[in-house]
Amino acid sequence: MVQVKLEFGGGLDAIVADRTKRLQVDAPVRTLGELITWVRRNCIREKHDMFAVSEATVRPGVLVLVNEVDWELEGTTRYELQPGDHVAFISTLHGG
Amino acid sequence: MTPRHACFKCGSGEAQFYSVAGARCPPCFDAHVRDTFRRAVLREGMLQHGARVAVAVSGGPASMALLDLVLRFWEREWRGRSSESHQWHFWTLVLHVEVPSKGGAQTVERLRDLAEGHNLPFASVRQEPPPELLHSMDGSERRQWWREQVRLQLTRMALDHNCTVLLVGTTATRAAVMTVVRMGMGEGCQAKEETRMVTEWSVRLHGNQVHAEHHGNITVGRPLRELLQRDMVRYARTRPGLELGITHMQDMRDTLEGLAERFLLEMGQGRAATIHSVLGVMDRM
């Protein structure tokens, strides 16, 4: 179990339960990939494929930041979460 | 202290912003965005002394970033100069077309407040859809119709305010998506004469890298044309107040645009060069 802070931006909050932009959760996961699967199942209330088309990875066009760092620099789904990490999911799927 | 991920530009900063070219630290990323914008503006002559500039702002990250970059450009390039010979000035108007499905009145108020906070004039118009027309269209055709209407409205407002330049926030990503959409809808390579002195300016299939088009009384500029949509989202996140207008995510799953976007993103994996290659190939077809 790891406690992390989640943020949903770029309009993703519209598909999150209670339309919330920020959550603090205790998730039974170890890696970022596992967290994405968990978020898809437990936090997204509708249009799940707007967040993640399949398990363990986000939809193309959704940015993932770990403590304000692009997840590509942290090993993407393999990143091992630390207590207190701030994970932001930001959609780029909107107009200019 | 040695950074975990060293910035490939300065070598010493802690990189936070990923790109295929190399990861950048915050100051180098900011410089990259500003410099790319500045090069496009100066190369194409989009901003000149005495210009009356309209900036089209939808509330999305690219257009919000565009306005921010225009203001920073003015601050740095002209206001910052002390010599009287460099006391240049250009007048800036913020333009918005209110689309009911995209945040509507709330977005208008946020943008009006933003413009007023920067002492900029603001003009907006509400575009109402004719129900009988839209019910006969599928998702792709509706999006295309909206895009055309917004384009016409922006052009008319800019001309009504005697603007000489209209800046829009088309990124490389969006340009590539629209290119694929237009090809898919069979719109080919025709330039259309839509309004007085202005021809089709979204994405033409003639030539590459269409940054600016000069049409009679007005120049339509796309100074973000070499930047990715993700760069604009990341840039907006670093600048205070820019994320205020982003309240919606477009559901384009049942549209050609959504398919095109997913195709390019999955194929390009965020590589600007790949997206530019797609544009280049299609331009030659």
Inside the range A:16-32, can you point out the residues that are surrounded by fewer than 20 Cβ atoms within 10 Å (Cβ to Cβ) and not in a strand (DSSP E or B)? A:17, A:18, A:19, A:20, A:21, A:28, A:29, A:30
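Which residues, taken from the range B:47-59, are over 14 Å from the mean Cα position of the chain (by Cα) and either among the acidic types (Asp, Glu) or outside any strand (DSSP E or B) (or both)? First the steps, then the outcome.
Taking the range B:47-59 and keeping what is over 14 Å from the mean Cα position of the chain (by Cα), we get B:47-53.
Scanning the range B:47-59 gives B:47, B:48, B:49, B:50, B:51.
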Check off (1) surrounded by fewer than 16 Cβ atoms within 10 Å (Cβ to Cβ); (2) within 12 Å of chain B (Cβ to nearest Cβ); (3) of a type outside the set (Asp, Glu); (4) touching a Phe, Trp or Tyr at 6+ places or on another chain (Cβ under 9 Å) for residue A:47 and give me the number that stays unchecked. (4)
Which numbered condition residue B:3 misses (of (1) in a loop (DSSP other than H, G, I, E, B); (2) in contact with a Leu (Cβ under 8 Å, 6 or more places away or on another chain)): (2)
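Working only within the range A:1-48, note down all residues that are among the basic types (Lys, Arg) and within 12 Å of the chain's Cα centre (by Cα).
Taking the range A:1-48 first, the residues among the basic types (Lys, Arg) are A:5, A:19, A:21-22, A:30, A:40-41, A:45, A:47.
Answer for the range A:1-48, where residues must be among the basic types (Lys, Arg) and within 12 Å of the chain's Cα centre (by Cα): A:5, A:21, A:22, A:40, A:41.
Within the range B:8-37, track down each residue that is crowded, with 18+ Cβ neighbours inside 10 Å, of a type outside the set (A, V, I, L, M) and within 30 Å of residue B:151 (Cα to Cα).
Of all residues in the range B:8-37, those crowded, with 18+ Cβ neighbours inside 10 Å come to B:9, B:13, B:15-19, B:23-25, B:28-29, B:32-33, B:37.
Keeping just the survivors that are of a type outside the set (A, V, I, L, M) gives B:9, B:13, B:16-19, B:24-25, B:28-29, B:32, B:37.
Selection gives B:32, B:37.
Criterion first (modelled with pLDDT of 90 or more and part of a helix (DSSP H, G or I)) does residue B:112 satisfy it? So that I can check it myself, show each step before the final result.
Numbers: modelled with pLDDT of 90 or more: yes; part of a helix (DSSP H, G or I): yes.
The answer is yes for residue B:112.
Any chance the range A:73-86 includes a residue that's among the polar types (S, T, N, Q), more than 14 Å from every other protein chain (Cβ to nearest Cβ) and out of contact with any Asp or Glu (no Cβ under 6 Å at 6 or more places or on another chain)?
Start the filter on the range A:73-86 by keeping residues that are among the polar types (S, T, N, Q), which leaves A:76-77, A:82.
Remaining after also requiring more than 14 Å from every other protein chain (Cβ to nearest Cβ): A:77.
Now restrict to residues that are out of contact with any Asp or Glu (no Cβ under 6 Å at 6 or more places or on another chain): A:77.
The answer is yes; a qualifying residue exists.
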Restrict the check to the range B:77-87 and report whether at least one residue is modelled with pLDDT of 90 or more and away from chain A (no Cβ under 12 Å). no
Going through the range B:19-42 in order, the residues found to be assigned to a loop (DSSP other than H, G, I, E, B), in contact (Cβ under 8 Å) with a residue 40 or more places away in the chain and either in contact with a Phe, Trp or Tyr (Cβ under 7 Å, 6 or more places away or on another chain) or among the hydroxyl-bearing types (Ser, Thr, Tyr) (or both) are B:19
Evaluate the following for residue A:63: is it in contact (Cβ under 8 Å) with a residue 24 or more places away in the chain, surrounded by 20 or more Cβ atoms within 10 Å (Cβ to Cβ) and within 11 Å of chain B (Cβ to nearest Cβ)? yes
What are the residues in the range B:43-66 that are within 30 Å of residue A:11 (Cα to Cα) and either within 11 Å of chain A (Cβ to nearest Cβ) or at pLDDT below 85 (or both), if any? B:56, B:57, B:58, B:59, B:60, B:61, B:62, B:63, B:64, B:65, B:66
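Quick check on the range B:158-169. Is at least one of its residues assigned to a loop (DSSP other than H, G, I, E, B) and under 17 Å from the mean Cα position of the chain (by Cα)? Lay out the reasoning, then the answer.
The initial filter retains those residues of the range B:158-169 that are assigned to a loop (DSSP other than H, G, I, E, B), namely B:161-164, B:168-169.
Right, trim to under 17 Å from the mean Cα position of the chain (by Cα) and you get B:168-169.
Taking every residue of the range B:158-169 in turn, at least one turns out to be assigned to a loop (DSSP other than H, G, I, E, B) and under 17 Å from the mean Cα position of the chain (by Cα).
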If we ask which residues in the range A:33-76 are within 23 Å of residue B:3 (Cβ to Cβ) and assigned to a helix (DSSP H, G or I), their number turns out to be 5
So residue B:12 ticks every box in (1) assigned to a loop (DSSP other than H, G, I, E, B); (2) of a type in the set (Ser, Thr, Tyr); (3) closer than 17 Å to residue B:237 by Cα but one. Which box is left unticked? (3)
Just checking, does the range B:13-25 include any residue being modelled with pLDDT of 90 or more and away from chain A (no Cβ under 11 Å)? yes
Considering A:52, A:56, which residue is away from every other protein chain (no Cβ under 14 Å) and at pLDDT below 95? A:56
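The values are calculated or read from the model by the stated rules, or taken from the named source; none is laboratory data. Since this is a predicted model, take the numbers as computed values, not measurements. Using ideal geometry, Cβ is built from the backbone for each residue, glycine included, and neighbour counts are taken over all protein chains shown.
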